[in-house]
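Scroll down for the structure; my scribbles are underneath it.
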Amino acid sequence: VTETTTVRIDLGERSYDIAVGQGALSGSGPRLREAIRREPAIIVTDERVAKLHLGALERALDGAGIAHVRIVLPPGEETKSFAHLERLLNAILDTRPERKSCLVALGGGVVGDLVGLAASLVLRGIDYVQIPTTLLAQVDSSVGGKTAIDTPHGKNLVGAFYQPRLVLADTGVLDTLDRRQMLAGYAEVVKYGLIGDVAFFEWLEANGARLIAGDAEARRHAIVTGCRAKAAIVAADEREASMRALLNFGHTFGHALETETGFGAALLHGEAVAIGMVLAFELSAARRLCPPEDVERVRRHFAKVGLPTSLRDVVRPRWSARNLVDHMHQDKKVRDGRLTFVLTRGIGDAFIERGVDAREVRRLLEGEIAA
Ligand SMILES: NC(=O)c1ccc[n+]([C@@H]2O[C@H](COP(=O)([O-])OP(=O)(O)OC[C@H]3O[C@@H](n4cnc5c(N)ncnc54)[C@H](O)[C@@H]3O)[C@@H](O)[C@H]2O)c1
Ligand SMILES: [Zn+2]
């Protein structure tokens, strides 16, 4: 058993704790007792996670004497939809909630995003707790209060900023995650090093493989470091007026790739972001902002742990630079026809560049595709 570390998200009266560590779930009774203001707690999870980890949560609630009910959704990105939101809202209303009722989101980013949005809507806002069960959710989606569903117009286009009352990140639940999902989450971990913390990137170069293989202490350190980095950014810019956009490093490219591959199993979000971060480094190097050695160093690290690093690593017939750039224009990150990118001066030194010409991006992608 490793220790549990608490990271505080400072947002005035919307502040909350993230508890990170092995056993954070089974030992969560007292924290849940404090966070949950009205019973029964309404657990929302997906079928897959229910089989693996719902028992531990229910035992923790029982141990703390907290009554609970459960709503189990199908797993997968399709669940972040209007149809499932409607079903979920009705299922919650069936439990006759009051203002102080509390949803408990047990699952990955899909469950977390959907439940957070539902919490913001029921009675114009009830409580919720996040218990993220993927590495991606522990280090990224459960922190910061962005909630959303997808629509036919695109991903995450309908949502709200709505903060949870508590986040519990148990590194132990990651043991049941498959390697590919683990690596996809790991890409978002590396993102924090690349954005603003070269020492953390160095630590990951030395310890990343250990973390992926299951070392609880390495996981705790990485999740805590990631959450602290995100906490600092979110505290400074909760609603993404400026600096929060740094968290989109690699994401403009990544979303374009995901749009092209249909947001499915062909390319997971984290995999797309890994390739996207390498491309952001390349774009920065092409502009002579960043040393080419840094591009290679990032690429080497991803390749070493088993993440894709280029368009060529994705099995598909053929990429079109033109389609990819078109997707970027449809993304939320466009203003006045100019693309906004997070670029970098080197590892740990990212910044927001608002005026990137689409032709420059297209040239880079054409070069990648031709190579
Ligand atoms: N709100 C934000 O700030 C934010 C940030 C990043 C991503 N996201 C969103 O997060 C979503 C992706 O999240 P995700 O990668 O966690 O996907 P996910 O929730 O779909 O989980 C991936 C798969 O792993 C399974 N799973 C979850 N925990 C498991 C465990 N412990 N053991 C075994 N299997 C487990 C799930 O059932 C699912 O099949 C996307 O919809 C994305 O838009 C949101
Ligand atoms: Zn992401």
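Quick notes on this one:
- With R₀ fixed at 56 Å, the C-beta to C-beta distance from Lys304 to Glu98 puts the FRET efficiency at about 0.60.
- Note on the chain: dipole from Cβ charges, positive end direction compared against Thr309, Tyr162, Gly185; the farthest Cα belongs to Tyr162.
- Dipole moment magnitude, nearest 20 debye, the chain about Cα centre, only Lys, Arg, Asp, Glu C-beta charged: 380 debye
- Amide proton proximity set for Thr344, modelled H, under 5 Å, gap of 5+: Ser284, Phe351
- Using the Cβ-Cβ distance between Glu47 and Glu296 with R0 set to 45 Å, the FRET efficiency works out to roughly 0.60.
- Signed unit charges on C-beta, dipole axis of segment 139-233, positive-most listed residue Thr176, Ala216, Ala229: Ala229
- Rounded to 5, the percent of DSSP beta bridges in the chain classed as antiparallel: 40 percent
- Approximate spin-label separation Ala236-Asn207, in nm, with each point projected 7 Å along Cα-to-Cβ: 2.4 nm
- Three-way shape label, segment 156-207, alpha-carbon gyration tensor, a/c 1.5: oblate
- Per atom type, the chain shows carbon and sulfur on 49% of its accessible surface, probed at 1.4 Å.
- Lysine pairs in the chain whose alpha-carbon atoms fall under 27 angstrom of each other, counting only those eight or more residues apart or on distinct chains, come to 26.
- HN-Hα J in Hz across segment 148-155 - Karplus 6.51, -1.76, 1.60, θ = phi - 60°, x for Gly and Pro: 5, 10, 8, 9, x, 7, x, 7
- Taking amide H as placed 1.01 Å from N in the peptide plane, Gly107 has its amide H under 5 Å from the amide H of Ile131, Thr133, each at least 5 places away in sequence or on another chain.
- Cβ-derived FRET efficiency at R0 25 Å, Leu11 paired with Ile352, nearest 0.05: 0.70
- Taking a ≥ b ≥ c as the square roots of the Cα gyration tensor eigenvalues, segment 226-371 comes out rounded, since a/c falls below 1.5.
- A full extension of the chain between Leu289 and Asp175 corresponds to an added length of 37.1 nm, given 0.36 nm per residue minus the alpha carbon distance.
- Heavy-atom SASA rank of Trp203, Trp319 (probe 1.4 Å, accessible area, largest first): Trp203, Trp319
- Percent of beta bridges antiparallel (DSSP, segment 79-176, rounded to nearest 5): 40 percent
- Phi angles of segment 316-323 translate, via the Karplus equation with coefficients 6.51, -1.76, 1.60 and θ = phi - 60°, into HN-Hα couplings of 6, x, 6, 8, 10, 4, 5, 4 Hz per residue; Gly and Pro are given as x.
- Built amide H within the under 5 Å cut-off of Lys146, gap 5+: Tyr162
- Spin-label model distance (nm) - Arg312 vs Glu360, 7 Å beyond Cα toward Cβ: 2.5 nm
- In summary, segment 293-371 shows an alpha-carbon radius of gyration equal to 1.21 times the 2.2 N^0.38 Å reference for compact globular proteins.
- To the nearest 10, the accessible area of Glu98 is 90 Å² with a 1.4 Å probe.
- Using θ = phi - 60° in the Karplus curve 6.51 cos²θ - 1.76 cosθ + 1.60, the 3J(HN,Hα) couplings for segment 286-301 round to 4, 8, 6, 8, 9, x, x, 4, 5, 4, 5, 5, 5, 4, 4, 5 Hz; x is entered for Gly and Pro.
- Using equal-weight Cα scatterers in the Debye expression, the normalised intensity of the chain in log10 at q = 0.12, 0.13, 0.14 Å⁻¹ is -0.86, -1.01, -1.17.
- Long-range tail of P(r) for segment 206-304 (Cα pairs > 16 Å, %): 69 percent
The values are calculated or read from the model by the stated rules, or taken from the named source; none is laboratory data. Note that the coordinates shown come from a computational prediction; the quantities given were computed from them, not determined experimentally. All Cβ positions, even for glycine, are placed from backbone atoms using ideal geometry, and neighbour counts span all protein chains on display. Ligands, DNA and RNA are excluded from the accessible area calculation, which covers all protein heavy atoms including side chains. Shrake-Rupley method; radii C 1.70, N 1.55, O 1.52, S 1.80 Å.
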